[in-house]
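S.K.: One structure coming up, written as structure tokens, with questions to follow.
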Amino acid sequence: MGFSDRQVKALSAKLNAKFVRTRIENGKTLSYLEGWHVIAEANRIFGFDGWNRETLDARCIWDGVHKGQRQCSYVARVRVRVRARETEIMRDGSGAGIGVGITPGEAHEAALKAAETDAMKRALATFGNTFGLALYDRDQRGVRRLPSRSASQTSDRLLLRAGNGSIVSEHQDPASFCSAVRSELERLSTTEALGAFWTANVDAVQMLRRAYPLLQSDRGQHYAEILDGLYRHRLDALQATAPRLQGAGEGSRDAMTTASMALSGPRRIRDRDHLRVVATQPCLVCGRQPSHAHHVRHAQPRALARKVSDEWVVPLCAVHHRALHDAGNEERWWKGQSIDPLAVAERLWAMSRHHPPDPEPVTGVPVTDVNDSSAAPGMNANGTEPIEPPPNPEDKPG
């Protein structure tokens, strides 16, 4: 009676370190598992029909506006039921979540989802290491460490280097490394020294984004992006206050050029009013409201910890917004919907920036129409008024 030998072996195994994520909270580095991985493990060990979860209670404990954004907090209690042959095992867990959004609905949805996921993870953690129980051990002896990939990566250390490339300090904690980089950026007083220092450490800063994707501030900004912004701010300040050096060495200029271009890319425009306008539009796929302002990822080249510019956003309801992110390949997903999101984004941008709102909502633009070389003048892929399909009398809302 109870779990099978295979299930007992899986529950007793060590947690694979590659699934462990970290974040900074109150100055400390915390380890955790993502919700999708915990659900996948439950399906693998218990079976798709061998477990379920039930939300026993969910309450909003705070709702308001903070720094211009709608925010709220939820607490939830979730019960997990696992069927082990003829036996049913129940475990309860409590969790909390914070949601931020352009609209109240978006903020409440995010906060409730986060609270329920947190509570579910706490309930499942009671079943063993594979669900995160090992992370409660300070030494994490139940975590199976990843093998080192090279001699230079025998540990998780982060190396802080001086402008000449020599090692200044070693850090096991990414938060400690970030603090050291910030101190140096604030201390250096010449553009040459600043450029050389950033060039020596920019690869390590970029690696933070890949290795610690959730190393973020309370506002959701990745520490790598914060350091990049601090570097650029310091460089601008020094260039504005320091006299231009005559006959500066080409080496220092090259170092500054390399550092400035390392994370360069297309300009990212931020326009909160435009995001609100887009959120008032119906979903491009189903026409439902309210909508989320979704940033079309392939509109611009990827950059370190930066979303694409706010001019490349389109409206999607919560259901299709989540479906797009779950799909993984965004361009393929849009082609499957026969919609060109870039043409829609251009039209919305022109509408909110240069023209009064249209009397009719913006609708999806089929990919075949946007690329049609026979389109009428001013209506092709480079125009602001792409061709739209004729209305279908059978597509009336249900």
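S.K.: Write out, first by first residue and then by second, each pair whose Cβ atoms fall under 6 Å of each other, whose residues are 6+ apart or on separate chains, and whose first residue, in region 82-104, is in contact (Cβ under 8 Å) with a residue 60 or more places away in the chain while the second is open to solvent by 40 Å² or more (accessible area, probe 1.4 Å) and assigned to a strand (DSSP E or B).
M.R.: Cβ pairs passing all conditions: Val100/Gln69; Gly101/Arg70.
S.K.: Collect the residues in region 284-321 that are among the aliphatic types (A, V, I, L, M) and modelled with pLDDT of 85 or more, keeping them in residue-number order.
M.R.: Leu284, Val285, Ala293, Val296, Val313, Val314, Leu316, Ala318, Val319
S.K.: Which residues, taken from region 36-54, are open to solvent by 60 Å² or more (accessible area, probe 1.4 Å) and of a type in the set (Val, Ile, Thr)?
M.R.: Selection gives Ile39 alone.
S.K.: Among (1) open to solvent by 30 Å² or more (accessible area, probe 1.4 Å); (2) more than 21 Å from Val319 (Cα to Cα), there is one condition Arg70 misses while meeting the rest; what is its number?
M.R.: (2)
S.K.: So which residues in region 55-67 are within 22 Å of the chain's Cα centre (by Cα) and open to solvent by less than 90 Å² (accessible area, probe 1.4 Å)?
M.R.: Within region 55-67, His66 is the sole residue that qualifies.
S.K.: Out of curiosity, is Ser31 surrounded by 14 or more Cβ atoms within 10 Å (Cβ to Cβ) and either at pLDDT below 90 or within 22 Å of Val319 (Cα to Cα) (or both)?
M.R.: yes
S.K.: Name the single residue, out of those in region 194-214 being among the aliphatic types (A, V, I, L, M) and touching a helix residue (DSSP H, G or I) at 6+ places or on another chain (Cβ under 7 Å), that is modelled with the lowest pLDDT.
M.R.: Looking at residues that are among the aliphatic types (A, V, I, L, M) and touching a helix residue (DSSP H, G or I) at 6+ places or on another chain (Cβ under 7 Å), I get Leu208.
S.K.: Scan region 85-113 for residues that are out of contact with any helix residue (DSSP H, G or I) (no Cβ under 8 Å at 6 or more places or on another chain) and open to solvent by 70 Å² or more (accessible area, probe 1.4 Å) and report the count.
M.R.: Number satisfying all stated conditions: 5.
S.K.: Ala123 is checked against (1) surrounded by fewer than 17 Cβ atoms within 10 Å (Cβ to Cβ); (2) part of a helix (DSSP H, G or I); (3) modelled with pLDDT of 95 or more and fails just one. What number does that condition carry?
M.R.: (1)
S.K.: Another question about this same structure. Scanning for something among the hydroxyl-bearing types (Ser, Thr, Tyr) and part of a strand (DSSP E or B), does region 96-112 turn up at least one residue?
M.R.: No: region 96-112 contains no residue that is among the hydroxyl-bearing types (Ser, Thr, Tyr) and part of a strand (DSSP E or B).
S.K.: Considering each residue of region 71-87, count those that are within 14 Å of Thr117 (Cβ to Cβ) and not charged (D, E, K, R), and give that number.
M.R.: The total comes to 5.
S.K.: Check Leu160, Leu133 and return the single one that is in contact with a Ser or Thr (Cβ under 8 Å, 6 or more places away or on another chain), open to solvent by 70 Å² or more (accessible area, probe 1.4 Å) and either of a type outside the set (D, E, K, R) or closer than 30 Å to Asp203 by Cβ (or both).
M.R.: Step by step, each of Leu160, Leu133 is checked, and only Leu133 is in contact with a Ser or Thr (Cβ under 8 Å, 6 or more places away or on another chain), open to solvent by 70 Å² or more (accessible area, probe 1.4 Å) and either of a type outside the set (D, E, K, R) or closer than 30 Å to Asp203 by Cβ (or both).
S.K.: Follow-up. Output the number of residues of region 178-235 satisfying the condition of being farther than 20 Å from Glu34 by Cα, acidic (Asp, Glu) and surrounded by fewer than 13 Cβ atoms within 10 Å (Cβ to Cβ).
M.R.: Residues in region 178-235 being farther than 20 Å from Glu34 by Cα, acidic (Asp, Glu) and surrounded by fewer than 13 Cβ atoms within 10 Å (Cβ to Cβ): 2 in total.
The values are calculated or read from the model by the stated rules, or taken from the named source; none is laboratory data. Since we're looking at a predicted model, the values are computed, not measured. All Cβ positions, even for glycine, are placed from backbone atoms using ideal geometry, and neighbour counts span all protein chains on display. These accessible areas exclude ligands, DNA and RNA; they are computed on the full protein's heavy atoms, side chains included. Shrake-Rupley method; radii C 1.70, N 1.55, O 1.52, S 1.80 Å.
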